[in-house]
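Presented below is the structure to which this report refers.
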Amino acid sequence: MAELVPYHDRDGVIWFDGKMVPWREANIHFLTHALHYASAVFEGERAYDGEIFRLTEHTERLVAGAQTMDFTIPYSVAEIDAACRDVVKANNLTNAYIRPLAWRGSEQIGVSAQQTKIHLAIAAWDWGSYFPMEQRLKGIRLTMAHYRRPDPATAPAKTKAAGLYMICTLEKHRAERGGYADALMLDYRGRVAECTGANIFLIKDGVIYTPVPDCFLDGITRRTVIGLAKARGIDVVERVISPEELSSFEECFLTGTAAEVTPVSEIGDARYRPGKICETLLNDYMALVQPKSKAAAE
């Protein structure tokens, strides 16, 4: 196993409240509201060949998510876009993962936090495949999660808010302890929803099916891959999918900024063989996000 390099102890710089700060000095106080009450929103983005994929869409979602969490980020979409690009460049990165995070500060500690200062920081680092490549190529194994995605009446379920990922961490850990790569979560009604950090697609008779994102994140990668499939003339159906149906599908794959397009070989008792549609969409997605690499190869 490779030696773990802690994220707080690295070289480089982080964009922090409008300026570049040495990586090890990008710190917050113990009594920061977001640490205690999860009053934070974030994004996960990837840069390929020096360009951040769908950057403005990510930034717009970050800004909208903050508004849902009852605070306003003190920077415009254009300013945040520029800061993301600057931090990639400042760290001499070409292919990278980018993490913007906006949060409530330490002026108040308690449930009420209307007077807290709103902070924004952006880090970028070299990060390869989210799933081990040897797993990804043959399809990863999923288990069924215990926790469910919450009812939108109980939480801002469609926002990329920090607190919504608590159960994802718990389920990811449980899955990995069992020898699985990830866990498939149901929604509050018992329907198929998503994995701990990725959307899910299932294939049968040449048609792609995916759950309606009415209580979980409608991922930017999800929408991108739907567009790629439709451009190929492949039918994509968004509908309710019950867990009892899982064994009836032939192929399965996940999508997300971190996961990109990742085939699945099993979910519990259901088995899948990554096939032509999975392969086609994986290749189409990588060609879309890495146009310079594709051109160089040709």
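The values are calculated or read from the model by the stated rules, or taken from the named source; none is laboratory data. Everything quoted here is computed from the prediction, not taken from an experiment. Please note: Cβ atoms are built from the backbone with ideal geometry, for glycine as well, and neighbour counts cover all protein chains shown. All accessible areas refer to the heavy atoms of the entire protein, side chains included, with ligands and DNA or RNA removed. Shrake-Rupley method; radii C 1.70, N 1.55, O 1.52, S 1.80 Å.
Couplings 3J(HN,Hα) for segment 232-238, derived from phi with the Karplus relation 6.51 cos²θ - 1.76 cosθ + 1.60 (θ = phi - 60°), are 8, x, 8, 6, 10, 10, 9 Hz, where x marks Gly and Pro.
Put simply, when 59-68, 268-277 are sorted by average Cβ atoms within 10 angstrom per residue, most first, you get 59-68, 268-277. Between D235 and K19, the modelled label-to-label distance comes to 6.0 nm, taking each label 7 Å out from Cα in the direction of the beta carbon. In a DSSP loop and with at most 15 other Cβ atoms within 10 Å, the GluC sites (Glu not before Pro) in segment 104-209 are E107. First measure r as the distance between the Cβ atoms of D70 and E176, then evaluate 1/(1 + (r/R0)^6) with R0 = 30 Å and state the FRET efficiency to the nearest 0.05. Taking R0 as 30 Å, the efficiency between D70 and E176 is 0.30. Global size of segment 1-80: 14.9, 42 Å for Rg and Dmax (C-alpha atoms, Rg to one decimal, Dmax whole).
Extent along the principal axes, Cα only, for segment 196-255: 28, 27, 16 Å, with the longest axis given first. With the largest listed first and rounded to whole Å, the semi-axes of the equivalent ellipsoid of the chain from the Cα gyration tensor are 32, 24, 18. Accessible surface computed residue by residue for the chain, with neighbouring protein chains in place and a 1.4 Å probe, gives 49 Å² per residue.
For the chain, a Gaussian network of Cα nodes joined below 10 Å ranks M166, M185, M20 by mean-square fluctuation, and the top entry is M166. Each stretch of four or more DSSP H residues adds -39500 (n - 2.57); spread over every residue of the chain, this sum gives -8500 deg cm²/dmol at 222 nm. Assuming R0 = 45 Å, what is the FRET efficiency of S112 and R10, from their Cβ-Cβ distance, to the nearest 0.05? Using R0 = 45 Å, I get an efficiency of 0.80. Using θ = phi - 60° in the Karplus curve 6.51 cos²θ - 1.76 cosθ + 1.60, the 3J(HN,Hα) couplings for segment 153-162 round to 7, 10, 6, x, 4, 9, 9, 8, 9, 4 Hz; x is entered for Gly and Pro.
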